[in-house]
Amino acid sequence: MNSSDNTGGLASHAMTGTSRRRLLLSLAIFSAASAITLHPLRARAASIDDAVVELQHEWEVIKYQSANGEREKRYEALATKAHQVSNTYAGRSEALIWEGIITASWAGAKGGLGAISLAKQAKAMYESAIKIDGNALDGSAYTSLAVLYYKVPGWPLGFGDKDKARELLQKGLSLNPKGIDANFFYGELLSETDHADEAMPYLERALQAAPRPGRQISDAGRREEVRVLIAKIKPH
């Protein structure tokens, strides 16, 4: 009887140990699954960052390192890729901003009246990005939209409006006062609207802007554009 009691006690203890191991294993699996399911936004953010970096790099190579005659077709292909990224990360302004930048660049490479419809598409992308999060990418949507407003012809051909461009650039500068793009484009707008004397501080600030991680090609290309503009408007 005592033996039976001892055997039963050992069996019961063994079952308890097995159950405990199973429980611990289940908890470990659940914890691992929870780490994935409880942080989808973190994984999603990393993915969109990677996608945006890839778009940025391909864009800067086309803009600053490809022949003029190649750019239109290459921007067109990249715009298709950017649209896929925007669809994948619907509701994220970063993707829309870069789809807009690429589409606007495609319009610039295309030129002529055929570019107006592309510019309108880019405008809609920037406006949607601003509605989602105007602060994204240091206010790049405001700056990029402003460039369209002063590059595109005004009515009746297009929607160009230099006063609107100035307003948007000032908003972009308020969000990124030391940024190379915001300062360059505001300086360029001033130089094109008979305010060249006011442009110099912004152009000089653009030259002094801190390097952007992973954007060496863009930074070098933009700084060269700044130098060219300074040489153009600086009194001799």
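Every number here is computed from the coordinates shown, using simple stated rules; none is lab data. Fair warning: this is a prediction, and the values are worked out from it, not measured in the lab. Positions of Cβ are backbone-derived with ideal geometry, glycine not excepted, and every protein chain shown enters the neighbour counts.
List the residues whose amide H sits under 5 Å from the amide H of residue 160, counting only those 5 or more places along or on another chain, with H placed 1.01 Å from N in the peptide plane.
Distant-sequence amide H within range of residue 160: 154, 155.
Fewest to most neighbouring Cβ within 10 Å: what's the order for 125, 200?
200, 125
Which of the peptides 104-110, 126-132 is most tightly packed, and how do the rest follow, judged by the mean count of other Cβ atoms within 10 Å per residue?
Listed from highest to lowest mean packing, they are 104-110, 126-132.
Step through the residues of region 131-136 one at a time and calculate ³J(HN,Hα) from phi using the Karplus curve (6.51 cos²θ - 1.76 cosθ + 1.60, θ = phi - 60°), rounding each to whole Hz and writing x for Gly and Pro.
Per residue, the Karplus-derived 3J(HN,Hα) values read 5, 6, 6, x, 7, 4 Hz.
Between region 52-70 and region 113-159, what's the alpha-carbon centroid distance in Å?
Answer, in whole Å: 20.
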